[in-house]
Amino acid sequence: MTNDTHDPALTSWVASAERPEADFPIQNLPFGVFRHPDRDEMPRVGVAIGDRILDVTAARQAELLGGTAARAAEACEAPSLNPLMALGREHWRALRAAVSRLLRSGSPQRDDLLLPMEAAQLLVPADIGDYSDFYASVHHATNVGGMFRPDNPLLPNYKHVPIGYHGRASSVVPSGTPVRRPRGQLKDPAADAPIFAPARLLDYELEVGAFVGPGNPLGRPIPIGEAEDHIFGLCLVNDWSARDIQTWEYQPLGPFLAKSFATTVSPWVVTLEALAPFRSPAYARPAGDPAPLPYLESARDREHGGFDLTLEVWIRTRAMREGGKPPVRLTRGAFAGMYWTLAQMLTHHASNGCNLRPGDLIASGTVSGETKDSRGSMLELTWRGAEPIELPGGETRKFLQDGDEVIMRGACERPGARRIGFGECRGEVLPAL
């Protein structure tokens, strides 16, 4: 449901939030965690507005947040979003509404509560206890399956069950953190035995992440109708992947060291409430596809389970940086085309009684579309290296090289609503040690 915080005519006294291209206008107000790099203090919870950060604790101490919003702001005195995520939707909504009133044009201008974003160190927004990654794009699954099983790209279970695996929470890093090329076991198809060497087929995966809110007790599933009460908000995710390590290790238990060396997340969590004007129907399954089992089916999720979110991947090589050239876009895709919704992913995750906890991260899996320019990984774009990408200056890429910087961006746009963005999720590839 939308309310006055979504009004496209709403303006802010923060001038940078009024720029048409701003990712963080007053209609957005995403939450994150930041640190003053030149101060000896704990990380603090902030809200992005234009190119500034509102210090939530400072606003509470100035007695500018009252009632339920004040109680929510107390939770923001922690060095992560976990306590706020645990409170639930009533508190999230109250705090966002209070911050909206504080920052609106006509309210007293309090620049003392703001910090320039460029002057802050932006951190992973939650203490992530568990991280699970899904495989929710049927186009990605079909592309990857088609490389290895051209006659039968999708495995029999794909359209019945949201497929996922448990990732490594300790190696989730914030945007801007360099990513070291991993070493691992590699086996050439013609070789008799594997070798241990730096990964040669390093890749990115364009994904969307969802941070869990209150969660569920061990042994108690989350019904599909309650799933979104347990989603605090969304971010961008780069699930870095070493394809040659993955090829050798993934059978019989799936991804392991090919994925666990690093996962990058964008620092700002766009709340589900901020995304209300951009909800869309769930992916329309083709005729003949099986209907979801009853525990994954709900009329509301079918009608509003999608998000009209456009995602992009850009690359800037070392040569491009040295030559002063801007990044070039590799792909542009739509999150609305995912076969499984986030609510279905979360419900399935908890369906066996697995307890989800505040701050847990669930990722969508690679977001890919039907066209080549909407494929969300280099594996698909170059078709396992058979179709190299041509870059400005004569460079080509089959997979990522050392010095390449990958930049992911996302934004929601729709007539009658103010555009909101997710900021950036970026990382540069460093040589293997």
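Data for the structure
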{"read-out": "Which listed residue, of Tyr158, Tyr165, Tyr131, is of a type in the set (Phe, Trp, Tyr) and closer than 18 Å to Gly427 by Cβ", "value": "Tyr131"}
{"read-out": "Test: residue in segment 364-381 that is of a type outside the set (Val, Ile, Thr), without any contact (Cβ under 8 Å) to a residue 12 or more places away in the chain and under 25 Å from Asp23 (Cβ atoms)", "value": "no"}
{"read-out": "Tally, over segment 40-54, of residues that are surrounded by 22 or more Cβ atoms within 10 Å (Cβ to Cβ) and charged (D, E, K, R)", "value": "2"}
{"read-out": "Cβ-Cβ under 6 Å pairs, at least 6 apart or on other chains, segment 142-169 side surrounded by fewer than 18 Cβ atoms within 10 Å (Cβ to Cβ), far side among the basic types (Lys, Arg)", "value": "Met147/Arg384"}
{"read-out": "Candidates Glu395, Glu424, Glu428, filtered to the one that is closer than 30 Å to Leu10 by Cα, among the acidic types (Asp, Glu), at pLDDT 95 or above and crowded, with 17+ Cβ neighbours inside 10 Å", "value": "Glu424"}
{"read-out": "Every residue from segment 1-34 that is under 21 Å from the mean Cα position of the chain (by Cα) and assigned to a strand (DSSP E or B)", "value": "Phe31, Gly32, Val33, Phe34"}
{"read-out": "Residue within segment 4-20 that is charged (D, E, K, R), in contact (Cβ under 8 Å) with a residue 60 or more places away in the chain and surrounded by 12 or more Cβ atoms within 10 Å (Cβ to Cβ) present", "value": "no"}
{"read-out": "Odd one out for Gly365 among (1) in contact with a strand residue (DSSP E or B) (Cβ under 7 Å, 6 or more places away or on another chain); (2) on the phi < 0 side of the Ramachandran plot", "value": "(2)"}
{"read-out": "Lone unmet requirement of (1) in contact with a strand residue (DSSP E or B) (Cβ under 8 Å, 6 or more places away or on another chain); (2) without any contact (Cβ under 8 Å) to a residue 40 or more places away in the chain for Trp248", "value": "(2)"}
{"read-out": "Strands (runs of 3 or more DSSP E) wholly inside segment 194-242 containing at least 1 residues that are charged (D, E, K, R) and either touching a residue at least 60 places away in the same chain (Cβ under 8 Å) or in contact with a Ser or Thr (Cβ under 6 Å, 6 or more places away or on another chain) (or both)", "value": "206-212"}
{"read-out": "Elements of type helices (runs of 4 or more DSSP H) contained in segment 54-169, each with 2 or more residues being in contact with a Gly (Cβ under 6 Å, 6 or more places away or on another chain) and more than 30 Å from Thr371 (Cα to Cα)", "value": "82-87"}
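Residue by residue, here is whether (1) surrounded by fewer than 14 Cβ atoms within 10 Å (Cβ to Cβ); (2) without any contact (Cβ under 8 Å) to a residue 24 or more places away in the chain holds:
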residue: Ala258; (1), (2): no, no
residue: Ser266; (1), (2): no, no
residue: Glu273; (1), (2): no, no
residue: Ala284; (1), (2): yes, yes
residue: Arg302; (1), (2): no, yes
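The values are calculated or read from the model by the stated rules, or taken from the named source; none is laboratory data. The shown structure was predicted, so the numbers you read here are calculated from the model rather than taken from an experiment. A quick note on method: Cβ atoms are made from the backbone with ideal geometry, for glycine too, and the neighbour counts reach across all protein chains shown.
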